[in-house]
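These notes are about the structure you will find just below.
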C-alpha cells in the first residue's frame, strides 16, 4: 500500500512538471514575434540600401536568437526560394535586409525564429518586389502594412506561402 501511494505521488509530480514545462513559454511572455519597419532613409537610397528593418523578439524583448530568412517567389510560373542574409544593426534583435531577389515575379519574405517555440512571419511584397509600409506618425518610420503581414505559430507550409503569393495587395 505504501509503495502504491508513493507511485501515485511520483506520477502526480511528473504530470505537474510536464504541465509546468509546457506552459512556460506562455508564462514567460509568449512565443517569439517579429515587427517590421521601414529602413532609416536619412541618406540617399542605393542598390545596397536596406529595404526592410527586422525586429526579433522573445518574451516581448529583443532577442539574439538566430533568425532564418528567405524569399519565396513565383517567376514565370516557377517557384523559387532564395536564402537571405540579414545584416545586424548593432542593436540586439534588429537587422537590416537588403534586396536579394529579382523584381520580376510575385514575392514574399519568410522569417523564422525558434526560442521557446517557433514563430514564422510572412511579408507579401508589392508588384515591384518591395515591402508596403503604412506611414509613421510624426517622426516615426512606417511599419509594414498589416494586410501584407502574417504571423504563424510554427513553420510556414507551402500552402501558407502559395496563398500569400497569390493574394492581391489592397490599397
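In this structure, does residue 102 turn out to be out of contact with any helix residue (DSSP H, G or I) (no Cβ under 6 Å at 6 or more places or on another chain), farther than 19 Å from residue 34 by Cβ and surrounded by 13 or more Cβ atoms within 10 Å (Cβ to Cβ)? Quick ask: steps written out before the conclusion?
On the way: out of contact with any helix residue (DSSP H, G or I) (no Cβ under 6 Å at 6 or more places or on another chain): yes; farther than 19 Å from residue 34 by Cβ: yes; surrounded by 13 or more Cβ atoms within 10 Å (Cβ to Cβ): yes.
Taking the combined requirement at face value, the residue satisfies it.
Tally time: how many residues in segment 42-81 are surrounded by fewer than 16 Cβ atoms within 10 Å (Cβ to Cβ), closer than 23 Å to residue 141 by Cα and in contact (Cβ under 8 Å) with a residue 40 or more places away in the chain?
Looking only at that region, the number is 3.
When the residues of segment 12-69 are narrowed to those that are under 18 Å from residue 149 (Cα atoms) and not in a strand (DSSP E or B), which ends up modelled with the lowest pLDDT?
That would be 31.
Please state which of the following conditions residue 131 fails to meet, knowing it meets all the rest: (1) surrounded by 22 or more Cβ atoms within 10 Å (Cβ to Cβ); (2) part of a loop (DSSP other than H, G, I, E, B); (3) out of contact with any helix residue (DSSP H, G or I) (no Cβ under 9 Å at 6 or more places or on another chain).
Going through the list (1) surrounded by 22 or more Cβ atoms within 10 Å (Cβ to Cβ); (2) part of a loop (DSSP other than H, G, I, E, B); (3) out of contact with any helix residue (DSSP H, G or I) (no Cβ under 9 Å at 6 or more places or on another chain), residue 131 breaks only (3).
Can you pull out every residue in segment 105-127 that is within 17 Å of residue 39 (Cα to Cα) and out of contact with any strand residue (DSSP E or B) (no Cβ under 6 Å at 6 or more places or on another chain)?
126
Given the conditions (1) within 25 Å of residue 46 (Cα to Cα); (2) in contact with a helix residue (DSSP H, G or I) (Cβ under 7 Å, 6 or more places away or on another chain), report the number of the one that residue 150 does not fulfil.
For residue 150, the failing item is (1).
So how many residues does segment 105-119 have that are touching a helix residue (DSSP H, G or I) at 6+ places or on another chain (Cβ under 8 Å) and closer than 18 Å to residue 160 by Cα?
Going through segment 105-119, the residues touching a helix residue (DSSP H, G or I) at 6+ places or on another chain (Cβ under 8 Å) turn out to be 106-108, 110, 116-117.
Next cut, closer than 18 Å to residue 160 by Cα only: 106-108, 110.
Adding up the residues that qualify gives 4.
Exactly one of these conditions fails for residue 107: (1) surrounded by 16 or more Cβ atoms within 10 Å (Cβ to Cβ); (2) in contact (Cβ under 8 Å) with a residue 60 or more places away in the chain. Give me its number.
(2)
The values are calculated or read from the model by the stated rules, or taken from the named source; none is laboratory data. Note that the structure is a prediction, hence the values are computed from the model and not measured. All Cβ positions, even for glycine, are placed from backbone atoms using ideal geometry, and neighbour counts span all protein chains on display.
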